[in-house]
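The values are calculated or read from the model by the stated rules, or taken from the named source; none is laboratory data. What you see is a predicted model, and the numbers here were worked out from it, not measured in a lab. Positions of Cβ are backbone-derived with ideal geometry, glycine not excepted, and every protein chain shown enters the neighbour counts.
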Amino acid sequence: MSLIIALSTALIIARWFAPTLFADAPTVVLDAGHGGDESGAEASGIVERDSNLDFADRVQRLLEQDGVRVVLTRSGHDRPA
């Protein structure tokens, strides 16, 4: 839940303030966490590793639409390096 709040807050800040605060495009790093054999919590068919990555991908697309450069710590199911 804290990841969702953190990513939502980052999205709001970047969409609201970035165009006025930065002459160049800001960079946001999204850490979906877990990955590989580290699945996180699992309940009702939802695996935290997968839902976190899906959420990070969605936030990435929204931020990039506003000209924000986005770096993901992982883009697949492997563990972050």
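Pairing each residue of segment 34-50 that is under 12 Å from residue 77 (Cα atoms) with any residue that is outside any strand (DSSP E or B) and among the acidic types (Asp, Glu), provided the two are 6+ apart or on different chains, yields C-beta distances under 9 Å for 34/48; 34/50; 35/78; 36/78; 39/48; 39/50. Answer yes if at least one residue in segment 26-45 is among the β-branched types (Val, Ile, Thr), modelled with pLDDT of 80 or more, surrounded by 11 or more Cβ atoms within 10 Å (Cβ to Cβ) and in contact with a Ser or Thr (Cβ under 6 Å, 6 or more places away or on another chain), and no otherwise. Among the residues of segment 26-45, not one is among the β-branched types (Val, Ile, Thr), modelled with pLDDT of 80 or more, surrounded by 11 or more Cβ atoms within 10 Å (Cβ to Cβ) and in contact with a Ser or Thr (Cβ under 6 Å, 6 or more places away or on another chain), which makes the answer no. Residue pairs whose Cβ atoms lie under 7 Å apart, separated by 6 or more positions or on different chains, with the first residue in segment 54-74 and on the phi > 0 side of the Ramachandran plot and the second surrounded by 14 or more Cβ atoms within 10 Å (Cβ to Cβ) and small (Gly, Ala, Ser), are 67/25.
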